[in-house]
Amino acid sequence: MTETVEHPRPSTTLVRALWSTCLLFAGVGLLLPLTGNTALFAPWREAAARALLGASRLPAELEPLAGLTDGILGGSIVGKWLAAAWLVRHPLAAGKRWAWWALVAGLLAWFSLDSGMSLALGAGFNLWMINAAPLLVFGGLLLVARRSTSSGPPPSPPPSRAWSMLGWVCLAFAALGIVVATASHTPILALYQRAIADAWFQGTLPAGAVAWMRLTYALIGATFLGHFLMLALALRFAPGKRWVLEAVAVSMLGWFLVDATASAMHDAWFNVVMIDLPSLVAVALPWWWAWRGRREPRP
């Protein structure tokens, strides 16, 4: 008689705590486009105005741009934490060590780039006002969860060319996050800068707008990095699994709906045309091919 080996897995209580934390932070991203200019986020905005502009509050001329960046950042936060929630709900709940590493990688990649750029731009306040909470709360729960995970057999090869392509697309978006975080003020994004300048600044970006973009797009890019790094790792280590494609779809749609809606609310259709729709299509095409040809691997 063969003895059944019980693999460790996190308790239901711990999984619920991790999952609820993901949804809580996704909720913060959902609120940001609606409340970024209210008392809820006033301390952060005032700290940013002092650090970046030497002013006690954000100038009125920058409010339309700030409203847009609130929406873009909020959508990015929603997408990242929805992806994390799927990793918690499925492979981490089953005790998969690779899922633990994927969540840690997403958290630390975001934190390192976000915090590093904040410090480089003189916005150290962002570390204790924003970044400390996810690192300590979610990271602390992950530390507890590690001992309840175990390594399994090596992953199977990708079940289809479309699956591999989707993984590479997610890695490309993770790399794009680094570019956005570090190069929003450079000629690499000149067309996008021109669109913002034409929309609100009569064709020329003032120094204050450039400073605001450098900080906020650093935060946006870092969030993109964490989001798509987790998805790429899920595609690599759980090939053929339906929940992986669900994680890609739900997190992308969450990001898109918040980002595009906020852009429309601020008449920033250029962001929808230049960023949102191309990104959605770039992921949707290989996703659809992978969905049509998916095969659940044998246990």
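Structural remarks
- Applying a DSSP loop filter and a limit of 10 other Cβ atoms within 10 Å to the GluC sites (Glu not before Pro) in the stretch 1-66 leaves 3, 6.
- The long axis of helix 97-120 is offset from the longest Cα principal axis of the chain by roughly 20 degrees.
- Mean Cβ count within 10 Å, highest first, over the residues of peptides 90-102, 8-20: 90-102, 8-20
- Between helix 12-35 and the chain: long-axis angle, C-alpha atoms, 0 to 90°, nearest 10: 20
- Calculated [θ] (222 nm, deg cm²/dmol) that DSSP helices of n ≥ 4 give over the chain, each run adding -39,500 (n - 2.57): -23000 deg cm²/dmol
- Dipole of the stretch 214-299 [Lys/Arg +1, Asp/Glu -1 at C-beta], most positive-end residue of 269, 232, 253: 232
- Fraction of accessible area attributable to carbon and sulfur, the stretch 160-205 (%, probe 1.4 Å): 68
- A simple spin-label model places pseudo-atoms 7 Å from Cα toward Cβ; at residue 246 and residue 269 they are separated by 3.7 nm.
- Å² of accessible area per residue within the chain, as computed with a 1.4 Å probe and no ligands counted: 48
- Centroid-to-centroid separation of the stretch 104-174 and the stretch 74-95 [C-alpha atoms, Å]: 10
- Loop-located trypsin sites (Lys or Arg not before Pro) in the stretch 223-299, at most 16 other Cβ atoms within 10 Å (DSSP): 295
- Taken about its Cα centre, the chain carries a charge dipole of roughly 1100 debye when the Cβ of each Lys and Arg holds +1 and the Cβ of each Asp and Glu holds -1.
- Share of carbon and sulfur in the accessible area of the stretch 213-299 stands at 67%, probe radius 1.4 Å.
- Pairwise label distance in nanometres, residue 185 with residue 104, each label 7 Å out on the Cα-Cβ vector: 3.5
- For the stretch 83-134, the fraction of 1.4 Å probe accessible surface lying on carbon and sulfur atoms is 71 percent.
- Farthest positive-ward along the chain dipole, Cα basis, beta-carbon charges - from 64, 94, 112: 94
- Along each principal axis, taking the top coordinate minus the bottom one, the Cα set of the chain gives 78, 37, 28 Å in descending order.
The values are calculated or read from the model by the stated rules, or taken from the named source; none is laboratory data. Source: prediction; values computed, not measured. We place every Cβ from the backbone using ideal geometry, glycine too, and count neighbours over all the protein chains shown. These area figures cover heavy atoms from the full protein model, side chains too; ligands, DNA and RNA do not enter into them. Shrake-Rupley method; radii C 1.70, N 1.55, O 1.52, S 1.80 Å.
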